[in-house]
1. Consider just the alpha-carbon atoms of region 1-106 and return their Rg together with their Dmax, both in angstrom.
2. How large is ³J(HN,Hα) for each residue in region 8-21, as worked out from phi by the Karplus curve 6.51 cos²θ - 1.76 cosθ + 1.60 (θ = phi - 60°), to whole Hz, x for Gly and Pro?
3. Could you tell me the ratio Rg/Rh of region 53-117? Both radii from Cα atoms, Rh via Kirkwood.
4. What does the charge count near F94 come to, summing +1 for each Lys or Arg and -1 for each Asp or Glu among other residues with Cβ under 15 Å from its Cβ?
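Read-outs throughout are calculated quantities, based only on the coordinates presented, and are distinct from any laboratory measurement. Predicted model, so just to flag it, every value in this text is computed and none were measured. Ideal geometry is used to build each Cβ from the backbone, glycine not excepted, and the neighbour counts take in all protein chains shown.
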Amino acid sequence: MVKYKDAALDRTFAALSDPTRRALLARLVDRKSLSVSELAQPFAMSLPAIMKHLDVLSDAGLIAREKTGRTVACSLTAQPMEQAMNWLTHYARFWSESFDRLAALLEEEPWPKPHPPAPSPGNPASLSRGASVRHRKKSGRRGSSRKD
C-alpha cells in the first residue's frame, strides 16, 4: 500500500529536490563509499556547504556516514529511494492507463488529412488589383492656434 502522508517520504523528496544533492548521490552509486573530501572535490563550493547537503541526505536516510579516525566516509542507502519509487509507481500506473485510453481513442477515430491551400492568382500580398490613391491630409488654418 502506498502511504500518502509520510514524513520519511517528504524528507526523501525534499532531499532529492536539490541538484547538488542528486549529484552527490550519483557520485556514490558507482563506489561503495567516499570520504567527505572526495565527495566535495568536484564541486565549486565550500566544505561546510557540502556538509550541509550531506546532513540533509543523512536526515532523509539516503546516505550513511561512518567515521574512522578523522575521516568520515559516506555510502548510499537505498530504502528511502525504494519507498519513493513505490509512490511514483502508483502514479505511473494512473498515467499509463490514461495514455492507453488516449491511444485507443486516437486509433479508433479516422482523422482527415489536411489539404494544402490552393494558390491564389496575382500578387499574394494584395487581394485587390487596383492601385491605391494617396489622399492629402487636411490641416487646420494657418497661424496661431492660441486664442487671444
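1. 17.5, 64
2. Per-residue couplings from phi come out as 5, 5, 4, 5, 4, 5, 5, 5, 6, 6, 9, x, 5, 5 Hz.
3. 1.47
4. 0
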